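Below is one structure, written out as structure tokens; comments come after it.
The values are calculated or read from the model by the stated rules, or taken from the named source; none is laboratory data. Just so we're clear, the structure is a prediction, and the values are computed from it rather than from any experiment. Methodologically, a virtual Cβ is constructed for each residue, glycine included, from the backbone with ideal geometry; neighbour enumeration extends over all protein chains shown. Surface accessibility is based on the protein's heavy atoms, side chains included, excluding ligands, DNA and RNA. Shrake-Rupley method; radii C 1.70, N 1.55, O 1.52, S 1.80 Å.
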Amino acid sequence: SYAGGITGQNYRIVETQRSGLADGQENPTNTIAITNLPASGSSGNDFGERAASLGGSVWLDANNNGVREAGENGIAGVSISLPA
């Protein structure tokens, strides 16, 4: 919230991306343009961030111990998703 906004003016909100974060879906350009600020203000100006990524391997765990060991081959072409 910024109380110094003047009705009818144009504004540009710019986010400086912190190290270690990636752009989210809400505003991947890190800039929001507000044209002709209404007297009621402007809401919904959000910057979403992705704080992490997921990576690893998929393999046939022959002894079901959760550790990839010699002789336990990787499985190619597997897609992984992490639904919200």
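Take the residues in the stretch 53-81 that are under 30 Å from residue 23 (Cα atoms) and not hydroxyl-bearing (Ser, Thr, Tyr); name whichever of them is surrounded by the most Cβ atoms within 10 Å (Cβ to Cβ).
58
Condition (residue is of a type in the set (Val, Ile, Thr) and in contact with a Lys or Arg (Cβ under 9 Å, 6 or more places away or on another chain)) applied to the stretch 7-14: is it met by at least one residue?
No, the stretch 7-14 contains no residue that is of a type in the set (Val, Ile, Thr) and in contact with a Lys or Arg (Cβ under 9 Å, 6 or more places away or on another chain).
Please go through the stretch 1-30 and pick out each residue that is surrounded by 11 or more Cβ atoms within 10 Å (Cβ to Cβ) and either outside any strand (DSSP E or B) or of a type outside the set (A, V, I, L, M) (or both).
5, 11, 15, 17, 21, 23, 24, 26, 27, 28, 30
Hey, among 33, 39, which residue is over 17 Å from the mean Cα position of the chain (by Cα) and assigned to a strand (DSSP E or B)?
Testing whether each residue is over 17 Å from the mean Cα position of the chain (by Cα) and assigned to a strand (DSSP E or B) leaves just 33.
Inspect the stretch 59-73 for any residue being in a loop (DSSP other than H, G, I, E, B), at pLDDT 80 or above and either within 30 Å of residue 3 (Cβ to Cβ) or hydroxyl-bearing (Ser, Thr, Tyr) (or both) and give the result as yes or no.
No; the residues of the stretch 59-73 include none that is in a loop (DSSP other than H, G, I, E, B), at pLDDT 80 or above and either within 30 Å of residue 3 (Cβ to Cβ) or hydroxyl-bearing (Ser, Thr, Tyr) (or both).
Checking the structure you have, find out if any residue of the stretch 44-51 is over 14 Å from the mean Cα position of the chain (by Cα), open to solvent by 60 Å² or more (accessible area, probe 1.4 Å), under 20 Å from residue 83 (Cα atoms) and modelled with pLDDT under 90.
If we filter the stretch 44-51 for residues that are over 14 Å from the mean Cα position of the chain (by Cα), which is where we start, we get 44-45.
Subsequent filtering for residues that are open to solvent by 60 Å² or more (accessible area, probe 1.4 Å) retains 44.
So of that shortlist, the ones also under 20 Å from residue 83 (Cα atoms) come out as none.
No.
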